Amino acid sequence: MSILEVEHIRKTFENTEVLEDISFSLEQGQVVSIIGSSGSGKTTLLRCLNFLERPDHGIIRVNGETLFDADDPATQRESEIRKKRLHFGLVFQSFNLFPQYTAMQNVMLARQLLAKELPDYKTNKKELNNEIENQAVELLKQMGLADRMHHYPHQLSGGQCQRVAIARALALKPDILCFDEPTSALDPELTGEVLKVIKELADQKTTMIIVTHEMAFARDVASHVIFMDEGRILEQGDPLQVFENPREERTRQFLSRFTQEEGSLPN
């Protein structure tokens, strides 16, 4: 059974249809790269999956559970939205770290807030906080930030901030980790360190959806590629098929533009 099923998602802003009949599925341990021109609906799709936007039509299921059905008001209660977001860890383009907190505190914060809602929090406060702190230490070590745990965002490079953001997303142990152009706010020399971390997560069979303009990375790391154009999924399939033998002319035009800009997609 698929870990994620997206069926016939549509989203309109004013009179513009930004997402048009989007359907795809995702298996456990799979990495899906979503590519396409700016304005093709990629970010809006991620925001719908994370319930930062509400689709006008369609269904979203995780592990067989219907999290959203546009025809079922019971799945749209605001009181349930935060719980549903826990299925998805979202890493934004611009880090979104709290500047007043250290790297460690940024990673710990969400779990600390959730822990305070547990009925036995007061009784087990010390044990819970120790567990949360130990997890944050391990995640920051995994991100190569063992010596930056107590630094504030302004004391970190862009690449380091993004790695803190990845650790923060992983702290809640989401079913699916989502990236929205994770290197777009980085200088070229910092891009590689973030892509290296994401590749390591892929090697560990972390289930991920990655919106990216890094074409070589999308081709080499993804197990499935989706090409979006004007709010639609125009083509999807195995990376080799999409990159080496695209069926649609618009896909060929899009990929040829990157080939011209970057010389070629490296092998």
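When a/c is below 1.5 the answer is rounded, else prolate if a/b is larger than b/c, else oblate, so apply that to region 84-133 with a ≥ b ≥ c taken from the square roots of the Cα gyration tensor eigenvalues.
oblate
Alpha carbon centre of region 94-169 versus region 1-42: separation in Å?
What the calculation gives is 30 Å, centre to centre.
Rounded to whole Å and sorted largest first, what semi-axes of the equivalent ellipsoid does the C-alpha gyration tensor of region 102-196 yield via the square root of 5 times each eigenvalue?
27, 14, 10
With springs only between Cα atoms under 10 Å apart, run a GNM on the chain and tell me which of P246, P182, P73 wobbles the most.
Largest GNM mean-square fluctuation: P73.
Pairs of Cα atoms under 8 Å, at least six residues apart: use those to get the relative contact order of the chain, whole percent.
Reported relative contact order: 25 percent.
Figure the gain on full extension for A110 and E127 (residue separation times 0.36 nm, minus the Cα-Cα span) and round it to one decimal in nm.
Extending this stretch completely gives an extra 4.5 nm.
At 7 Å along the Cα-to-beta-carbon direction for both E117 and S38, put a label point, then send me their distance in nm to one decimal.
Those two pseudo-labels are separated by 3.6 nm.
Build a GNM of the chain with springs between Cα atoms under 10 Å: which of R163, R232, R250 gets the top mean-square fluctuation?
R250
With a 1.4 Å probe and every protein chain left in place, work out the accessible area per residue of region 152-218 in Å², rounded to a whole number.
37
Can you give the accessible area per residue of region 40-89, in Å², using a 1.4 Å probe?
Using a 1.4 Å probe on heavy atoms only, each residue of region 40-89 averages 47 Å².
How much of the accessible area of the chain, probe 1.4 Å, is carbon plus sulfur, in whole percent?
Reported share for carbon and sulfur atoms: 47 percent.
What angle do you read, to the nearest 10 degrees and between 0 and 90, between the alpha-carbon axis of helix 188-203 and the longest principal axis of the chain?
80
If you average 1/r across every pair of different Cα atoms in the chain and take the reciprocal, what Kirkwood value do you get, in Å?
19.5
By how many nm would the segment from S157 to S184 lengthen if fully extended, with 0.36 nm per residue of separation less the alpha-carbon distance?
So the extension gain works out to 8.3 nm.
How long are the semi-axes of the equivalent ellipsoid of region 150-260, taking √(5λ) for every eigenvalue λ of the Cα gyration tensor, in whole Å from largest down?
Over the Cα atoms of region 150-260, the ellipsoid semi-axes are 28, 16, 12 Å.
Where does helix 103-115 land angle-wise versus the long Cα axis of the chain, in degrees 0 to 90, nearest 10?
That helix lies at roughly 80 degrees to the long axis.
Setting aside same-chain residues fewer than 8 positions from K116, which lysines have a Cα under 22 Å from its Cα?
K83, K84, K125, K126, K173
Per DSSP H run of at least 4 residues, take -39500 (n - 2.57); add these up for the chain, divide by its residues and hand me the 222 nm value, nearest 500 deg cm²/dmol.
-12500 deg cm²/dmol
Are there trypsin sites (Lys or Arg not before Pro) in region 97-152 that DSSP marks as loop and that have at most 13 other Cβ atoms within 10 Å, and which are they?
Listed in order of number, the matching sites are K116.
Hey, what angle do you get for helix 249-262 against the long axis of the chain, alpha-carbon based, 0 to 90 degrees rounded to 10?
Approximately 70 degrees, to the nearest ten.
Whats the longest run of the chain with zero GluC sites (Glu not before Pro) that are DSSP loop and have at most 11 other Cβ atoms within 10 Å?
So the longest stretch without any such site is 118-267.
The values are calculated or read from the model by the stated rules, or taken from the named source; none is laboratory data. This structure is a prediction, so every number in the text was calculated from the model and none was measured. All Cβ positions, glycine included, derive from the backbone under ideal geometry; neighbour counts span all protein chains shown. Ligands, DNA and RNA are stripped out before the accessible areas are found, and what is left, the full protein with its side chains, is counted by its heavy atoms. Shrake-Rupley method; radii C 1.70, N 1.55, O 1.52, S 1.80 Å.
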